[in-house]
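The values are calculated or read from the model by the stated rules, or taken from the named source; none is laboratory data. Remember, predicted model here, so these are calculated numbers, not experimental data. Every residue, glycine as well, gets a Cβ built from its backbone with ideal geometry; the counts of neighbours run over all protein chains shown.
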């Protein structure tokens, strides 16, 4: 999940083309000079005559953007490590881990730069802050300029675009270092800039959603709910069901448990294939009163309305699987396979659910009171018969995606169990070799 924010930031930020073989010319940050420029602008907007001119506010917006951007001037996501060092100077890097990912950390006077395993700048966090409210003030300045002279729309849109891209970039970096509240504010500002009248058609609903999610992580649940409600009600932005999950978490932590469950059910009815939604629903029922099987009719209603959707059958199968109903899980996923015979996930899940059924039967076999070898062999044959059913869908899944290690591992274990059959033993040798090659 954390990596997603970094990808989002990299995708939305406009980056100037940089030479790969030379450093960039980096101007030393003069904080006092930048603050003096802001103070001068403060005086200009306090002047009764100047503050009625759009030019005054456009200039102010530029001053504030300059103050916000100078400490990280020249940096860009994807910058090679050697260019970073050439541009900003030699410092001794340290090793660190962020969200489970190892990084090489360069600490400079004005920022911290995180270099990934590919020796590229993954993200950076400014440490010199000229004015913590610079981007908010810049937004107000450009908005005022537009209010005074709508003919400045193109110029204002340029400023709003800068505010948007910088806010998204900073939000992604702050999220990575778990500064969730500030990240949420930055995502919210990015959305706000994107819906300014000068930015017609550029609404960034994704940032609105991420503002809600970051607020959930910051435990600012009221603010989270406000953003998530807007994403759903105004834009129908569901993020494949995750918006409902985030809204549930906000409501649940505000003590609205029954309404929160209704939100979960609403999400599951539309996105039954969202495994995180299923998991959190099952956890809700584990901690509160109620029958988790009551979510089955919701998914079935969705299937009745759209009977040719393999994703809905996949979701129904996952729900049955979580409920421990392997037979219905297998039946549901086979419906998905019939609709899309060459879908990797459906074939993989069919094999997985059959293996899980066999595992459960094998566990029961271990508890049985066996009175004869014949009785044991009969029971064992039934178990192995179930395991054998998993071979076809798993091998089909392997053909569709031979790079997926989970499939290879399942096939290795499955054929090992059934290796008394000479033909299956040959398959075991094949999948065992493939599995070892993946290690």
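Some notes on this structure:
- Within the range 77-97, the residues that satisfy the criterion of being surrounded by fewer than 19 Cβ atoms within 10 Å (Cβ to Cβ) and in contact (Cβ under 8 Å) with a residue 24 or more places away in the chain are 78, 80, 81, 82, 86, 87.
- Failed item in (1) in a helix (DSSP H, G or I); (2) in contact (Cβ under 8 Å) with a residue 24 or more places away in the chain; (3) farther than 23 Å from residue 101 by Cβ, with residue 183 passing the rest: (3)
- When 228, 174, 208 are checked against the criterion of being touching a strand residue (DSSP E or B) at 6+ places or on another chain (Cβ under 8 Å), within 25 Å of residue 99 (Cα to Cα) and part of a helix (DSSP H, G or I), 174 stands alone in meeting it.
- Residue 154 surrounded by 18 or more Cβ atoms within 10 Å (Cβ to Cβ) and either in contact (Cβ under 8 Å) with a residue 40 or more places away in the chain or in a helix (DSSP H, G or I) (or both): no
- Number of the exception - residue 125 against (1) closer than 24 Å to residue 212 by Cα; (2) in contact with a strand residue (DSSP E or B) (Cβ under 8 Å, 6 or more places away or on another chain); (3) buried (at least 20 other Cβ atoms within 10 Å of the Cβ): (3)
- If you check 11, 16 for being at pLDDT below 95, surrounded by fewer than 17 Cβ atoms within 10 Å (Cβ to Cβ), over 30 Å from residue 217 (Cβ atoms) and under 31 Å from the mean Cα position of the chain (by Cα), only one passes: 16.
- From the options 122, 118, residue that is over 24 Å from residue 30 (Cβ atoms), in contact with a helix residue (DSSP H, G or I) (Cβ under 7 Å, 6 or more places away or on another chain) and not in a helix (DSSP H, G or I): 122
- Selection of the range 187-202 for residues being over 24 Å from residue 217 (Cα atoms) and either assigned to a helix (DSSP H, G or I) or modelled with pLDDT of 95 or more (or both) yields 195, 196, 197, 198, 199.
- Test: residue in the range 343-355 that is touching a helix residue (DSSP H, G or I) at 6+ places or on another chain (Cβ under 6 Å) and surrounded by fewer than 16 Cβ atoms within 10 Å (Cβ to Cβ): no
- The range 310-329, subset free of Cβ contacts under 8 Å to residues at least 40 places away in the same chain and buried (at least 24 other Cβ atoms within 10 Å of the Cβ), residue farthest from residue 349 (Cα to Cα): 313
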